[in-house]
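The values are calculated or read from the model by the stated rules, or taken from the named source; none is laboratory data. Just so it is clear, the structure is predicted and the values come from calculations on it, not from any experiment. Reconstructed Cβ throughout: ideal geometry from the backbone, glycine too, with neighbour counts over all protein chains shown.
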Amino acid sequence: MNAQTDILQTAKHFQKELGEEYHDKVVEAIYADAARIADNCVSRDAQKAKLNFDTALDKALTHPIGGFLVMGLMFFIVFWLTISGANIPSQILADLLLDKAYYGLHGIATALSAPDWLSGFLIDGVYLATAWVVAVMLPPMAIFFPLFTLLEDFGYLPRVAFNLDKLFARTGAHGKQSLSMMMGFGCNAAGVISTRIIDSPRERLIAIITNNFSICNGRWPTLILIGTIFISSTAPPILASFVAALSVVAIAVLGIVTTLLVSWGLSKTWLKGETSVFSLELPPYRPPQILQTLYTSVIDRTAIVLWRAVQMAAPAGAVIWLISNIYLGDVSIAGYLVNFLNPLGLLLGMNGVILLAYIVAIPANEIVIPTILMLTLTLGSNIVGAQSGVILELENTQVYTVLTQVGGWTLLTAVNLMLFTLLHNPCSTTILTIWNETKNRKWTLIASLLPVALGLIVTFSTATLYRLFM
């Protein structure tokens with residue numbers, strides 16, 4: 001108040017001293033400021049005016065049509081770099097952890113005369129599942145999160161939110177949900193955490209519940225493998241790789257469409273309310289700070305998410321080994337469970353092995369395919385040196401042979417597996433994160449079971465249509 005009083009007194013003093021000249025100077029100052037602002041923001045001659053870098057880039061990135069094309073291309077590049085760039089380091093880690101370290105640990109267990117059941121439980125169960133998750137998750141996250149953070153630091157992500165705001169507003173959700181959705185493509189747990197940028201509790205809940213429809217890096221390997229060995233077989237050899245890639249992209253796009261539809265449904269039922277005004281100030285573009293980006297992406301995101309996944313993968317490996325090696329009569333627990341789930345699995349166009357693999361892989365989606373292979377071999381025909389409870393890594397041609405000849409897979413099985421990979425419960429790391437963010441059992445349960453319900457409906461519908469028309 002004192003500062004305002006001093007300013008008013010000073011203004012009155014100048015007004016008294018200068019008289020009418022005071023008003024003229026004020027008007028001149030206002031016009032001068034207006035002219036300066038207009039020169040910076042308005043082009044008087046579209047032919048000759050030289051637009052600055054930010055303005056030109058914004059015209060391209062926020063264009064009603066071009067903005068979506070650029071956005072699609074940008075994220076395609078990020079995903080492509082993540083998927084292709086992770087292959088070599090993933091293979092190196094797999095050779096180190098799943099081969100050398102694995103057999104080294106068994107050598108130590110033998111030297112110590114450890115009982116077979118103990119070495120099997122700890123090495124074949126707990127260690128192998130954990131090592132598999134690290135080999136599969138670490139390289140993609142170490143690539144995706146820095147790239148995503150670079151786009152964030154550069155100032156591009158607010159432009160993405162600007163482009164998608166109208167779509168999400170029409171569903172009753174918040175424009176910023178697009179950012180958490182994109183983060184979910186790296187890891188759903190990280191995507192759930194990123195919903196903190198949404199101020200409205202109602203709209204944040206919508207973003208949390210629907211984030212599972214973004215395909216995380218734990219599900220990419222399953223989609224890519226099935227698309228490569230099954231879907232590509234429906235096309236001529238020259239188009240096989242294109243069709244495989246197109247099938248994976250189609251599932252990702254279906255995930256985005258599902259996000260919008262479920263967001264609309266939630267906003268009209270359980271989470272009714274007015275859409276909050278999204279006032280977004282587009283920040284200036286700025287060169288990313290590499291060291292800060294690496295710290296944020298590696299420490300704050302990759303390390304935290306990987307540690308949570310490891311905590312969940314270890315008990316999953318233990319469960320897989322136990323149910324495969326504990327027998328009730330002549331049949332293992334896994335065998336009983338597969339026989340129990342098989343009628344439902346066949347009704348959904350899949351089988352009991354797939355459903356059991358998804359149940360035991362709740363802690364970590366990365367172990368779905370190796371669990372399916374292990375269960376298919378040990379419960380079907382014991383070939384390729386398969387051992388009960390020991391997660392396998394096979395070549396693509398071997399995978400195709402095992403799934404078709406031993407598992408009895410068809411094209412319907414492959415398609416519905418891809419659909420169910422998109423539409424099933426979140427991994428336990430994400431469920432734990434949802435609980436930590438909401439502290440509400442109801443919403444944690446809904447976020448966990450709603451995708452499963454959709455998955456059952458979609459796969460049943462697909463299987464029914466396939467049987468009617470094929």
Is it the case that some residue within region 362-381 is under 24 Å from L225 (Cβ atoms), among the hydroxyl-bearing types (S, T, Y) and not in a helix (DSSP H, G or I)? yes
Taking the stated definitions as given, is G317 closer than 30 Å to F121 by Cα and either out of contact with any helix residue (DSSP H, G or I) (no Cβ under 6 Å at 6 or more places or on another chain) or of a type outside the set (A, V, I, L, M, F, W, C) (or both)? yes
Just give me the residues in region 447-470 being buried (at least 18 other Cβ atoms within 10 Å of the Cβ) and touching a residue at least 60 places away in the same chain (Cβ under 8 Å), in sequence order. A447, L450, P451, L454, T459, A463
Given T376, T371, T433, which one is buried (at least 18 other Cβ atoms within 10 Å of the Cβ) and modelled with pLDDT of 85 or more? T433
Quick check on L118: is it modelled with pLDDT of 80 or more and assigned to a helix (DSSP H, G or I)? yes
Within region 396-428, how many residues are at pLDDT below 90 and of a type in the set (V, I, T)? 6
All positions within region 324-341 that are modelled with pLDDT under 90 and surrounded by fewer than 18 Cβ atoms within 10 Å (Cβ to Cβ): I326, Y327, L328, G329, D330, V331
